[in-house]
Amino acid sequence: MPQQKWNLGDIRPPERGPSERPTRQRSARTMQDMVARSAPSASQDSMDSEDEYVESEERPTRTRRGFAGRGGKRKTILGAVVLAVLLILGLLTSFFFQGAELTVYPKSKEVTVDAAFTASQNPEANALGYELLSLEETGERAVEATGTEPVEERATGEITISNAFSKEPQRLIKNTRFESKDGLIFKIQESVVIPGYTTEGNEKVPGTATAKVFADGTGDKYNVNPGRLTIPGLKGTPQFESMYAEPKAAMQGGFVGQKLIVEESALKGAKEAIQNDLRAKLSERLRNERPAGFVLYESAARIRFESLPSIDGGESKATIREKAVLEAPLFAEADLARYLAQNTIVDYKGENVKLENSQSLSFTYAATSTEAMAGMEKIDFKLSGNTKMIWTYDTEKLRADVAGTAKEELPSVLLSYQPAIQRATTVMRPFWKQSFPEDPADIKIIEVLEAPK
């Protein structure tokens, strides 16, 4: 049976209901008109298929837009969740890290110092005092000997002298004699002042000072071990039992016999080399062993050298020995600042102050001296330069005073800290807190220096 051929013109679209979209109706009529104007062909079939595709593409396009809309809602919801989580974390952090920061702006003043001063190891009221820092190092070097010679040498050492007799300082002049239990006599090389005793409860604490001594005779019998030394010149007086001394170590150097001879040039070179090494070691110790709470000026340090008896180094060599002693005055930071404020600030009324940088001042002695500082009653020096004076306060007391108080009560609390504290600001955690933490440890104090007005 022959295949029936259909003419596109015989095809009639079905009846459209009233609910059909207008676009589909217009599309169907347009296609019918196109078929009526031309005969069927392969190109027309393709064209008809493409037209249907275009029409069918409208739905997926709308569908993708719908998905896009739902994705936007998801992003909005996700952002809101993240924001809520961050807010909760912030609140939790505030609770776990509660505390307060108190920023304090203390009073300060620029000062210029250029004056001569005097300091004493036993200062009177309103005078400047100092403590003595003493460091020691010994060194040696072997040199070739050219022969031997008979020698007689005295023992030397260092003693600690105690004053349990009087609260007033006691001065001993150069060559004051000290006697061992065996009747051996030693003499101090320089005069020395021994501070008076102090009391701790019912107990008397003797004042002490150190001094170099040398034996009154030669020989190794003077190389005695530490033991109590009396002052024979005080026999028959109340001071005899209350003023005494004891060597810090065994006396040494006493010798009678043959000694190696070293050429003068070799001896001089060896001593200079040893002294340079000792000077470097002491300078390094001075930088590393500065006690806290004290001001130390490197230019105030004095180094003196002492030749120790040489010893036989074997194989025709002599061992040359040298000892170096560094002495430097130490000034308590608070005392030095207060003393300088008294002498440089007109309206200063004795408040507690500190120096922002004590090393900005240069230190020079009024006169050069080779005398051991341990034997000095006072030192004269000059300070010059610019520094900033800062008024101080008790930070621990301030924490305790503001702990648990309302934020608005801070100004009244700070009234008792004037003139040291000019103003202060606070930061509370969490931010809605209106009072300081009850625990002073939760209060952090930050100090900020403003330019002096």
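The values are calculated or read from the model by the stated rules, or taken from the named source; none is laboratory data. Quick caveat: nothing in here was measured; it's all calculated off a predicted structure. Cβ sites come from the backbone with ideal geometry, for glycine too, and all protein chains shown count toward neighbours.
So here's what we get for this one:
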item	result
Residue selected from segment 182-234 under the condition in contact (Cβ under 8 Å) with a residue 24 or more places away in the chain, assigned to a helix (DSSP H, G or I) and not charged (D, E, K, R), by the criterion farthest from SER162 (Cα to Cα)	TYR222
Matching option when the condition is closer than 30 Å to ALA270 by Cβ and among the basic types (Lys, Arg), among LYS181, LYS204, LYS187, LYS167	LYS187
So LYS317, is it surrounded by fewer than 19 Cβ atoms within 10 Å (Cβ to Cβ) and under 14 Å from ILE390 (Cα atoms)	no
Index of the failed condition, ALA337 passing every other in (1) modelled with pLDDT under 95; (2) surrounded by 18 or more Cβ atoms within 10 Å (Cβ to Cβ)	(1)
Qualifying residue in segment 248-266 (condition: small (Gly, Ala, Ser) and in contact with a Phe, Trp or Tyr (Cβ under 6 Å, 6 or more places away or on another chain))	yes
Total residues in segment 95-121, condition touching a Pro at 6+ places or on another chain (Cβ under 8 Å) and surrounded by 15 or more Cβ atoms within 10 Å (Cβ to Cβ)	7
Single unsatisfied condition, THR76 versus (1) under 38 Å from the mean Cα position of the chain (by Cα); (2) hydroxyl-bearing (Ser, Thr, Tyr); (3) modelled with pLDDT under 90	(1)
In segment 100-132, the residues that are in a strand (DSSP E or B) and in contact with a helix residue (DSSP H, G or I) (Cβ under 8 Å, 6 or more places away or on another chain)	ALA100, LEU102, VAL104, VAL111, THR112, VAL113, ALA115, PHE117, LEU128, GLY129, LEU132
Pick from segment 235-278, criterion without any contact (Cβ under 8 Å) to a residue 60 or more places away in the chain and in a loop (DSSP other than H, G, I, E, B), ranking: surrounded by the most Cβ atoms within 10 Å (Cβ to Cβ)	THR237
Subset of segment 389-415 [without any contact (Cβ under 8 Å) to a residue 12 or more places away in the chain and either aliphatic (A, V, I, L, M) or within 24 Å of GLU333 (Cα to Cα) (or both)]	ASP394, LYS397, LEU414, LEU415
Residues satisfying the stated conditions in segment 422-436, i.e. of a type in the set (S, T, N, Q) and either within 12 Å of VAL104 (Cβ to Cβ) or touching a residue at least 60 places away in the same chain (Cβ under 8 Å) (or both)	GLN422, THR425, THR426
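Okay, residues lined up against (1) at pLDDT below 95; (2) under 18 Å from VAL353 (Cβ atoms); (3) in contact with a Leu (Cβ under 8 Å, 6 or more places away or on another chain):
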residue	(1), (2), (3)
ILE390	no, yes, yes
GLU408	yes, no, no
GLN418	yes, yes, no
PRO430	yes, no, yes
